[in-house]
Amino acid sequence: MVGTLSGMHPLERALARTVWWLVPALAVSLLLLAVPRADDPFGLFLGQLIAITGFAIALAVRLSPLAADPSGWFADSSWSPAAKRLAAASAIVAIVTGAVALLTLASSATLRLEPSLQFLQLLSAMDIAWTGAAIVVGSYLKWGRPAAWAGGLLLGVFCVYSIWRYLDVVGFTADGGWLVSGSDLLRYVIPFDVVAAVMAVGLLVAGAQSGRVIEQAKPQS
C-alpha cells in the first residue's frame, strides 16, 4: 500500500487513503440494520454522532501529513509556501467532510432514524467534520501530531456537548423527529458553532503560515 501510494499526487493519495477508511466504515454501518428502532432515539443519535466524530478526527489526523509539504500539490504555482499549505489543508478538510457526509447518510439510513432527524445528524456531523478537520490539520502544521489529536478531540467534545444539551432540553417530535426550537438553537448550538468555526479558521491559517513541521520532516543532508 505504501509503495503504491508513494508515487501518486498528494490529492490522489488523500483520496485513496480516505477510500481505504470509508469503505470498511460503510460496510460496518450495514450491521446497524440489526439495531432495533427505539421509541426514544436520544441514545442512538448521540452514539452515532460520537462514532462519526471519532472517525472524522482520526481520518483528519491520518491525512494531515499530506498538507505539511505542499510542493507536490501545486508544483507549477507561483503561490507562496503559506498559500500552498493553506490550499492543501483546505482540500484535506473538504475530503474529510465529504467522507463524513457519506458515512452519516449511510448509518442514519441503516439506523432508520426519522428523516428530519437524519437531516439534523447530517448537519451536525458535517459541521463537526469541517471544523474538526481544520483544527486537526492546523494544529498538526503548527505543533505536530499530539496537538492535532488534542485539538480534534476537544473540538469533538465541545460540539457533541452542544447537540446533547439541545436534545436533552428540547427533545423530539412525537414520531422521533427533529423538534426545531429557534430560541434553543440560539442558546445551545449556534454559539458553539460560531466559536468552533472561528477557532477552525484561525488555526488553519496559523498552521499554514508555519513551516516548522516541514523543516523537521526534511531529511538531513
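The values are calculated or read from the model by the stated rules, or taken from the named source; none is laboratory data. Just so you know, these numbers come straight off a predicted model, no measurement behind them. Heads up, the Cβs are rebuilt from the backbone with ideal geometry, glycines too, and the neighbour counts pull from every protein chain shown.
Determine if the stretch 140-158 includes at least one residue that is more than 30 Å from Ala14 (Cβ to Cβ), in a helix (DSSP H, G or I) and touching a residue at least 12 places away in the same chain (Cβ under 8 Å). It would help to see each step written out before you state the result.
Going through the stretch 140-158, the residues more than 30 Å from Ala14 (Cβ to Cβ) turn out to be none.
Within the stretch 140-158, not a single residue is more than 30 Å from Ala14 (Cβ to Cβ), in a helix (DSSP H, G or I) and touching a residue at least 12 places away in the same chain (Cβ under 8 Å).
Of the residues Ala75, Ala60, Ala82, Ala56, the single one that is farther than 17 Å from Gly207 by Cα and in a helix (DSSP H, G or I) is Ala56. Against the conditions (1) under 27 Å from Gly151 (Cβ atoms); (2) surrounded by 13 or more Cβ atoms within 10 Å (Cβ to Cβ), Ser80 satisfies every one except (2). Within the stretch 32-49, if we keep just the residues that are in contact (Cβ under 8 Å) with a residue 60 or more places away in the chain and in a helix (DSSP H, G or I), the residue that is nearest to the chain's Cα centre (by Cα) turns out to be Leu49.
Is there a residue in the stretch 181-201 that is at pLDDT below 95 and in a loop (DSSP other than H, G, I, E, B)? So far as the stretch 181-201 goes, no, none of its residues is at pLDDT below 95 and in a loop (DSSP other than H, G, I, E, B).
If you check Ala88, Ala106 for being in a helix (DSSP H, G or I) and within 24 Å of Val194 (Cα to Cα), only one passes: Ala88. Applying a threshold of 7 Å to beta carbon distances and a minimum spacing of six or more residues, or different chains, the list of pairs starting in the stretch 174-196 at a residue that is in contact (Cβ under 8 Å) with a residue 60 or more places away in the chain and ending at one that is of a type in the set (Val, Ile, Thr) and part of a helix (DSSP H, G or I) reads Ala196/Thr131.
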